[in-house]
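Reading through the structure tokens given below for one structure.
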Amino acid sequence: MPAPLTVSTPSEREIAISRDFDAPRDLVFLCYSRPDLIRRWLGPPDWTMPTCEIDFRVGGRWRFVLKSPDGFEMGSGGVYREIEHPERIVNTETYDMDWTGGEAIVTVAFEQHADGTTTTRTTVLYSSREARDGALATPMADGMEVSFKRLDAVLESQPAL
């Protein structure tokens, strides 16, 4: 099983999250781009995703709504700015409950290794240092690792490309 994610702060407005996956880059990239696969791994295991809309093209919009067992909904959305299959996805991100202080820019880079594993590096550029620090103060990393463990299981269940 891959090691847990690592978190760093490369600048006063950024958070970088790195995580290894025991799967080829094409398959990991696919799990970030298809609604049927995203629904299987994004969010806590006891939450549902009633909305998972993706227009996966530059200029296309995305929208996710996660719903807790007690009915609380957390929605977010944005626009794809860059898509370089299978190396990189760049999109904007804004939460319905704007706890991040406005739009963030999310870049996910996918690095393939000779042993067939893939490292993802997610960099989130926030609108301000305060917004970044606010995100760091949340259990964001714990939540991401829960999702990434679910992604590990999805990757194990998918046939090789």
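Rule-based calculations on the coordinates, nothing more; no lab input. Model, not experiment: these values are computed from the prediction. Glycine also receives a Cβ, built like all others from the backbone with ideal geometry; neighbour counts cover every protein chain displayed.
Looking at E93 and the list (1) among the charged types (D, E, K, R); (2) in contact (Cβ under 8 Å) with a residue 60 or more places away in the chain; (3) surrounded by 17 or more Cβ atoms within 10 Å (Cβ to Cβ), which single condition is not satisfied?
(2)
Condition first: touching a helix residue (DSSP H, G or I) at 6+ places or on another chain (Cβ under 9 Å) and over 22 Å from D152 (Cα atoms). Now tell me which residues in segment 89-123 satisfy that.
Scanning segment 89-123 gives W99, T100, G101, G102, A104.
Looking only at segment 74-104, how many residues end up being of a type in the set (A, V, I, L, M), closer than 25 Å to P44 by Cβ and under 14 Å from the mean Cα position of the chain (by Cα)? Before you say what the answer is, go through the steps one by one.
Quick first cut of segment 74-104, residues of a type in the set (A, V, I, L, M) only: 74, 79, 83, 89-90, 97, 104.
Then keep just the ones that are closer than 25 Å to P44 by Cβ; that gives 74, 89, 97, 104.
So of that shortlist, the ones also under 14 Å from the mean Cα position of the chain (by Cα) come out as 89, 104.
Number satisfying all stated conditions: 2.
So M144 passes all but one of these: (1) touching a strand residue (DSSP E or B) at 6+ places or on another chain (Cβ under 7 Å); (2) part of a helix (DSSP H, G or I); (3) surrounded by fewer than 17 Cβ atoms within 10 Å (Cβ to Cβ). Which condition number does it fail?
(3)
Working carefully through the options R40, R25, find the one that is under 21 Å from T6 (Cα atoms) and surrounded by 15 or more Cβ atoms within 10 Å (Cβ to Cβ). Reasoning before the result, please.
On the way: R40 fails: under 21 Å from T6 (Cα atoms).
Testing whether each residue is under 21 Å from T6 (Cα atoms) and surrounded by 15 or more Cβ atoms within 10 Å (Cβ to Cβ) leaves just R25.
Looking only at segment 19-26, decide whether some residue is more than 21 Å from D115 (Cα to Cα), in contact (Cβ under 8 Å) with a residue 12 or more places away in the chain, of a type outside the set (D, E) and not in a loop (DSSP other than H, G, I, E, B). So that I can check it myself, show each step before the final result.
Step one: list which residues in segment 19-26 are more than 21 Å from D115 (Cα to Cα), which gives none.
So far as segment 19-26 goes, no, none of its residues is more than 21 Å from D115 (Cα to Cα), in contact (Cβ under 8 Å) with a residue 12 or more places away in the chain, of a type outside the set (D, E) and not in a loop (DSSP other than H, G, I, E, B).
Evaluate segment 47-55: report whether one residue or more is out of contact with any Lys or Arg (no Cβ under 8 Å at 6 or more places or on another chain) and surrounded by 14 or more Cβ atoms within 10 Å (Cβ to Cβ). Talk me through it step by step, then tell me what you get.
Filtering segment 47-55 down to residues out of contact with any Lys or Arg (no Cβ under 8 Å at 6 or more places or on another chain) leaves none.
No, that holds for no residue.
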